[in-house]
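The structure under discussion appears below in the form of structure tokens.
The values are calculated or read from the model by the stated rules, or taken from the named source; none is laboratory data. Source: prediction; values computed, not measured. Backbone-built Cβ (ideal geometry, glycine too); neighbour counts: all protein chains shown.
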Amino acid sequence: VILGVSISHCSSACLVDLDGTVVGVASEERFSRRKNESGFPEQAIRWLLGSVNPREITRVAFGARQWAAGLPRAAFRKSMVSDEARDRLGRNAFFMLLRGLEVMGLPLQRVSPEAEFRRLFRGLGLPEVGMEFVDHHLCHAASALYTSGLDEPLLVTVDGIGDGWCASVSVGGEAGIETTHRVDARGSPGYFYSFVTALCGFSPNRHEGKVTGLAAFGDPRSIPEMEEMLALDESGDDRSFLLRPPVEFGPVLVSRLPLFVWAYARWLASGKSHAELTEEVERLVARTIFRELLRKPRRREDLAACAQRILEERVSGFVAHYARRYAKRELALAGGVFANVKLNQRLFNLPEVDRIFIHPGMGDEGTALGAAYQVLAQVNPGFKRHPIRDVYLGPAYSEPEVEEALRRTGVKFWKVEDESALAEGAAARIAAGQVLGLFRGRMEYGPRALGARSVLADPRRREMHDRLNRKMRRSEFMPFAPVLPAEQAYDILDGKVKGSEHAAEFMTITYAVRPAWRARIPAVVHVDGTARPQLLRREVNPFYYGILRAFERRTGVPVLINTSFNMHEEPIVCTPQDALRAFAQGGVDAMVMERYVVEQGT
Ligand SMILES: [Fe+2]
């Protein structure tokens, strides 16, 4: 069995069998209850060790190479930039900053990662494992290839930064993955979008989705000076991204150095995570360097609209070029930039593309699984590949455990033995306007709740958007997403759908909604007439599907709002206790937990 580990943004761990079966995968944030937790995913690994004999774990695969190159002390809390990447990227603001701080003697002390990891694994009862460090973008590519079910797709990865790169192009098939092109992180489209996220007043590396939602409210051509901030270099045979102006970055940084040093010192003193330092630095870059590029203050709707259009155009140009070059009509994608559901719609609608798949854990949480697959492909090249069927790969809790948690809180609850009666009851509540929490089975892998830790509501009610935002204490510009039966996708969605159904099972792509349906399900349709559905097949989750059909019998509408079950800025709930805490805070009107039901005010 191979243990996959990612320790960067949203660190994660997974176990993959030698035949390619995923035993389990989860992000550390779900256990630590801190969003996008970074660092060694100790609690996730402990959970995994509950389902396997530690002796069976022969290898650990890491989702980046840079962690082999020298790691900072304090459980990897400090700089995670390798010497090689730093030398190559020496002129970039981030790396200049980190290097400058090291030169100034700030405590970015390095430890032998080998020894540090050994110590941690010993503590977990894994004294003898072999460790392999896999290139970060190769991990993203492997996560996409080995879960896509596609034979020989074009593999494209785009993110903020990983091992010094921001994008890669590979061809993959039976013989493994061959990376043919990589793009230096100095041109990072991921950073571009994060800077704009910060410019709009949101948290970079966290609220990018708000920018995507906000974009529909702005004018995508209103800020000409943004055009050059992210460019696609088409001068040679290859395509690269350019973040501009790269040369001015250095001098601007130097002039701002005290600010950066201050941010760094504050972080050191705070004991916060590495991710929070990155967020702070990105916010500073956005507020200083990026803002100066704008000739005057701009509405954030326009900033978002321009950034979204520019990202879509540049990344489409990049992907189309390589699709033509390698005569590939099937795409498999991973990397944080492909969390952008609008971008994915644009890519799918390229004339060069017939089929698209986006790995459900497209962000860095996916590199644990990617690393494990990549090592597996070397150890056992003949392993059976199959399309990922569902993301129910996290922890589950037995009925006695759920009942015990319910008892402890003292809420009144009851059990419904018959599952179809339970589904009928849930649908009746939703049709009556209640917001329903659904807590059943194994928690989802990846950023989306897809029916195991979900909140369901009535999409026919226009006011449900505001009501849900209030209840869940959120501020989303994008409407909530719908779940609908996969076999009805063509009735409800408009335009090109065929070839993207598998991707849409994981809510990774938007579509136009047929005009006749827009008025029927207003709470899930954006101002631009699009929606980001979860297509649900009965066999993937019969109970969840049963609620959907029961709702249809009552209302004639086979669609529900599905949003993640969490409280304000917290990760998605994991344990029954997490769910009950959210319930106590009034996030939902009623809750189905396994076969138990609770409701507010009883
Ligand atoms: Fe990444």
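Entry remark, the range 122-169: residues being within 21 Å of Thr58 (Cβ to Cβ) and over 21 Å from the mean Cα position of the chain (by Cα) number 12 in total.
Given the condition over 27 Å from Phe217 (Cα atoms), buried (at least 24 other Cβ atoms within 10 Å of the Cβ) and within 16 Å of the ligand (Cβ to nearest atom), answer yes or no: does some residue in the range 306-321 qualify?
no
Selection of first residues in the range 451-471 that are in contact (Cβ under 8 Å) with a residue 60 or more places away in the chain and under 14 Å from Gly586 (Cβ atoms) and of second residues that are among the basic types (Lys, Arg) and not in a strand (DSSP E or B), restricted to Cβ pairs under 9 Å at least 6 apart or on distinct chains, gives the following pairs, ordered by first then second residue: Val455/Lys471; Leu468/Arg474. Applying the criterion of at least 1 residues that are at pLDDT 90 or above to the helices (runs of 4 or more DSSP H) found wholly in the range 7-82 leaves 28-32, 42-49.
Name, by its number, the condition in (1) under 20 Å from Arg206 (Cα atoms); (2) within 16 Å of the ligand (Cβ to nearest atom); (3) in contact with a helix residue (DSSP H, G or I) (Cβ under 6 Å, 6 or more places away or on another chain) that does not hold for Lys342. Every condition holds for Lys342 apart from (2). Selection of the range 405-417 for residues being closer than 26 Å to Arg538 by Cα and in contact with an Asp or Glu (Cβ under 9 Å, 6 or more places away or on another chain) yields only Lys415. Taking the conditions (1) away from the ligand (no atom under 16 Å from the Cβ); (2) in contact (Cβ under 8 Å) with a residue 40 or more places away in the chain; (3) part of a helix (DSSP H, G or I); (4) within 19 Å of the chain's Cα centre (by Cα) in turn, Leu331 satisfies each one other than (3). Residues in the range 117-142 that are within 13 Å of the ligand (Cβ to nearest atom) and under 14 Å from Leu3 (Cα atoms) were compared, and the one that is surrounded by the fewest Cβ atoms within 10 Å (Cβ to Cβ) is Val134.
Checking the stated criteria, Arg206 turns out to be basic (Lys, Arg) and within 16 Å of the chain's Cα centre (by Cα). Picking from residues in the range 425-455 that are closer than 15 Å to Val598 by Cα and aliphatic (A, V, I, L, M), the one that is surrounded by the fewest Cβ atoms within 10 Å (Cβ to Cβ) is Ala428.
Okay, residues lined up against (1) surrounded by 17 or more Cβ atoms within 10 Å (Cβ to Cβ); (2) part of a helix (DSSP H, G or I); (3) without any contact (Cβ under 8 Å) to a residue 60 or more places away in the chain:
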{"residue": "Pro387", "(1), (2), (3)": "no, no, no"}
{"residue": "Val402", "(1), (2), (3)": "yes, yes, no"}
{"residue": "Trp414", "(1), (2), (3)": "no, no, no"}
{"residue": "Ser420", "(1), (2), (3)": "no, yes, no"}
{"residue": "Ala423", "(1), (2), (3)": "yes, yes, no"}
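For the range 341-371, filtering for residues that are assigned to a loop (DSSP other than H, G, I, E, B) and among the polar types (S, T, N, Q) leaves 1. Selection of strands (runs of 3 or more DSSP E) fully inside the range 503-602 by the criterion of at least 1 residues being over 21 Å from Glu463 (Cα atoms) returns 511-513, 534-536, 590-593, 596-599.
Filtered by the rule that a residue be over 22 Å from Ala377 (Cβ atoms) and either buried (at least 18 other Cβ atoms within 10 Å of the Cβ) or basic (Lys, Arg) (or both), the range 50-61 gives a lone residue, Arg55. Out of Gly382, Gly394, one residue alone is assigned to a loop (DSSP other than H, G, I, E, B) and either surrounded by fewer than 19 Cβ atoms within 10 Å (Cβ to Cβ) or without any contact (Cβ under 8 Å) to a residue 40 or more places away in the chain (or both). It is Gly382.
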